[in-house]
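Below you'll find the structure, written out as structure tokens, and then a few comments.
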Amino acid sequence: MNVIETKNISKLYKQADQDIKALNDVSINFKKGEFTAIVGPSGSGKTTFLNTIGGLDSPSSGKVLIDNNEITKLNSNQLIDFRLRNIGFVFQSYNLIPVLTAKENVEFIMLMQGSSKSIRDKRSVELLKSVGLDDQLNRRPNQLSGGQQQRVAVARALASKPKFVLADEPTANLDSSSTSNLLDIMSRLNKKEKMTFIFSTHDQRVIDRANRIITLEDGKILSDINVK
Amino acid sequence: MLLKIAWRNVWRNKRRSLITIAAIFIAVLLAIFLRALQLGMYDNMINNVVGSYSGYVQLHSKGYWDDKTIDNAFEVNQSVLADIQNIDGVSTILKRIQAGALSSYNDLSKFVYITGIDPENEEILTDWNKRLIEGRLLKKDSKSIIVAKGVAKYYNLKIGDTLIFIGQGYHGMQAVGAYPLQGVVDMKNPNLNNYSVFMTLPVAQDFVSAENLITNLVIDKEQYFDENKIAQVIKSKINNQSYDIMTWKEMTPELDQLIEADNAGGILIIMILYMIVTFGIFGTVLMMTQERLYEFGVLISIGMRRSKLMITLIYETILLTFTGIMSGVVVSLPIVNYFYYNPLRLFGAASAQMETAGFEPVIPFMNSYDIPLTHSLIILCISLIICVYPILIIYQLQPIKAMKR
């Protein structure tokens with residue numbers, strides 16, 4: 001079953017009176033449990049593609065369906081709610097809330113969903129334990145290393161029990177040991193919980209772990225390879 | 001958790017928040033201090049002239065206020081008194097007769113105002129016990145007089161000395177009399193101290209040959225009742241053709257104008273303070289918003305509703321303002337309270353100027369919860385208005401654009 005379907009999506013930008021096609025008639029499906037790396041040179045449309053399937057940006061034409069729901073028809077507030085309940089985000093610069101502790105950052109998403117305190121407490125501890133940070137619960141982001149922050153970001157992304165996780169260059173700011181550690185965690189979650197991960201990346205170490213590699217160039221799919 | 005996030009966000013930039021809180025603190029402190037001083041001074045002025053002597057409302061015969069002669073005295077009937085006494089907010093009604101006369105003692109003479117009073121009722125308004133500085137107060141059947149301390153000083157009077165008065169009585173009758181002194185009072189008002197002589201109402205009526213007549217019906221009010229409303233009700237209840245009903249502002253417009261003019265200056269200073277504080281708060285809110293646009297973009301991306309983000313920012317502004325307000329109020333209250341019980345006493349030229357204007361040269365502060373409450377609410381309202389800025393920014397924020405900054 002497809003978790004995500006895109007049907008002929010295109011995205012046009014106007015830049016200095018010139019139309020730039022960031023995405024050009026992209027149709028692609030993602031199934032549950034895939035561990036996909038989207039690769040391509042800078043400006044190939046990777047981030048635009050992630051933003052479009054994540055409901056952060058709307059396509060100029062075409063449709064995006066998540067679990068058969070067309071998100072391109074949703075308004076701004078509906079999209080926020082949709083993202084909250086269906087999509088986990090991991091950003092290149094972690095983007096944790098600096099005034100909250102690791103545990104509170106993970107709880108925050110559940111709070112937005114309206115979960116009770118006891119559920120929030122239990123799940124946030126579980127998630128931080130699953131990313132190996134059960135001893136850092138009460139530390140704030142500035143007291144954590146980059147790798148640890150990104151692991152908190154992964155735990156936060158999973159807190160809402162999303163249908164899939166979008167990760168935009170998640171290892172770009174990490175050293176090799178932290179990258180390896182993060183990828184181990186993500187692979188384990190992918191295999192154990194069938195969590196769908198979609199990365200945009202330049203990092204060969206991420207590409208090596210992916211079971212599907214989609215290459216974009218000039219907003220078009222150049223190749224779509226199932227590795228394993 | 002939104003409140004917790006807001007509180008922690010306030011302290012993300014400690015120095016900036018502390019500067020803003022300090023600005024609000026100083027503004028609130030100064031506003032409360034200045035208003036307590038000003039309103040206390042006005043209250044004292046009004047009390048000197050109005051609250052403890054002339055009353056907030058007076059009833060006279062038509063034309064008396066413009067031509068204060070004994071010929072404009074009138075007889076007030078019981079039904080009018082009863083009508084007025086039954087009005088909501090009226091506390092005391094006093095009958096007085098007042099006439100000017102030339103007083104003399106040994107080889108000195110001086111113009112004075114003789115006021116006939118009902119000693120028992122008068123006590124309620126004028127609090128004679130606190131004013132008596134020598135001798136005894138008048139009783140209902142007293143035949144002697146009491147004088148204000150300025151008159152006693154002028155003649156160097158001692159208790160038991162006799163003053164002679166010559167004046168014009170009712171309808172051209174000659175008013176002449178000699179009365180022994182039984183007490184000296186401090187009217188807490190230099191003008192009243194220099195010209196006041198008191199005797200009982202029957203003795204004064206007899207002096208000016210105006211049996212059963214009065215010149216002033218003094219109507220005092222309960223605290224917090226509006227004298228204008230009371231005057232309106234009296235006007236509607238009694239025959240307007242025969243009487244003039246005047247509030248203290250009409251009787252002493254110069255006092256009202258003095259207070260209004262001074263008050264306008266005070267309000268102007270407070271408004272300048274508010275403007276400075278407004279820019280201080282706005283500057284901080286502007287920075288707190290602009291430097292976090294990326295973060296707001298992230299929060300909206302991961303599923304935080306704009307409304308919740310707006311609430312968080314409103315909390316931040318209110319918490320920042322509230323901290324400043326509360327610290328200002330907490331510090332100002334004991335200061336105001338101290339000067340309420342220990343009024344500032346003026347000396348030298350300032351004292352002389354106050355006395356020349358007819359006021360006691362002291363400035364007691366006003367110790368009313370209204371002042372801190374009003375100024376706290378004004379600053380809180382200012383901060384709420386300032387919140388419109390982050391609300392608009394969040395409303396228009398596009399997460400993708402915000403995260404590209």
- line: Of the residues in region B:341-364, those that are out of contact with any strand residue (DSSP E or B) (no Cβ under 6 Å at 6 or more places or on another chain), surrounded by 18 or more Cβ atoms within 10 Å (Cβ to Cβ) and over 15 Å from B:P190 (Cα atoms) come to B:P364
- request: May I ask you to say which residue of B:A36, B:A22 is of a type outside the set (F, W, Y), in a helix (DSSP H, G or I), buried (at least 16 other Cβ atoms within 10 Å of the Cβ) and modelled with pLDDT of 90 or more?
  value: B:A36
message: For the structure I just gave you, tell me whether B:Q241 is in a loop (DSSP other than H, G, I, E, B) and more than 16 Å from the chain's Cα centre (by Cα).
response: yes
field: Hits in region A:67-78 (condition: more than 9 Å from chain B (Cβ to nearest Cβ), surrounded by fewer than 20 Cβ atoms within 10 Å (Cβ to Cβ) and outside any strand (DSSP E or B))
entry: A:D67, A:N68, A:T72, A:K73, A:L74, A:N75, A:Q78
In region A:123-138, residue surrounded by the fewest Cβ atoms within 10 Å (Cβ to Cβ) [restricted to those that are in a loop (DSSP other than H, G, I, E, B) and more than 14 Å from every other protein chain (Cβ to nearest Cβ)]: A:D135
message: Let me spell it out: the conditions are (1) within 14 Å of chain B (Cβ to nearest Cβ); (2) under 15 Å from the mean Cα position of the chain (by Cα), and A:N190 meets all of them except one. Which number is the exception?
response: (1)
Among residues of region B:365-396, those that are buried (at least 18 other Cβ atoms within 10 Å of the Cβ) and within 14 Å of chain A (Cβ to nearest Cβ), counted: 1
query: Among the residues of region A:1-55, which ones are without any contact (Cβ under 8 Å) to a residue 24 or more places away in the chain, part of a strand (DSSP E or B) and under 29 Å from B:L299 (Cβ atoms)?
result: A:Y13, A:K14, A:Q15, A:I20
query: Is it the case that A:D184 is acidic (D, E), without any contact (Cβ under 8 Å) to a residue 40 or more places away in the chain and under 17 Å from A:F35 (Cβ atoms)?
result: yes
- prompt: Where in region A:144-228 are there helices (runs of 4 or more DSSP H), lying wholly inside it, with at least 2 residues that are closer than 21 Å to A:S124 by Cα?
  reply: A:146-159, A:176-193
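So that you can scan it fast, the table gives a plain yes or no per residue for (1) facing chain B (nearest Cβ under 10 Å); (2) in a strand (DSSP E or B):
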residue: A:L65; (1), (2): no, yes
residue: A:S93; (1), (2): yes, no
residue: A:V106; (1), (2): no, no
residue: A:D121; (1), (2): no, no
message: If a residue must be β-branched (V, I, T) and within 11 Å of chain A (Cβ to nearest Cβ), how many such residues does region B:311-335 contain?
response: 1
statement: Within region A:84-96, residues under 21 Å from A:T201 (Cβ atoms), at pLDDT 90 or above and of a type outside the set (V, I, T) come out as A:G88, A:F89, A:L96
field: Complete set of residues in region A:14-46 that are β-branched (V, I, T) and closer than 15 Å to A:T215 by Cβ
entry: A:V26, A:I28, A:T36, A:I38, A:V39
- prompt: Would region B:293-310 turn up any residue that is surrounded by 16 or more Cβ atoms within 10 Å (Cβ to Cβ), more than 14 Å from every other protein chain (Cβ to nearest Cβ) and not aromatic (F, W, Y)?
  reply: no
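The values are calculated or read from the model by the stated rules, or taken from the named source; none is laboratory data. A quick note: this is a predicted structure, and the numbers were derived from the prediction, not measured. Ideal geometry is used to build each Cβ from the backbone, glycine not excepted, and the neighbour counts take in all protein chains shown.
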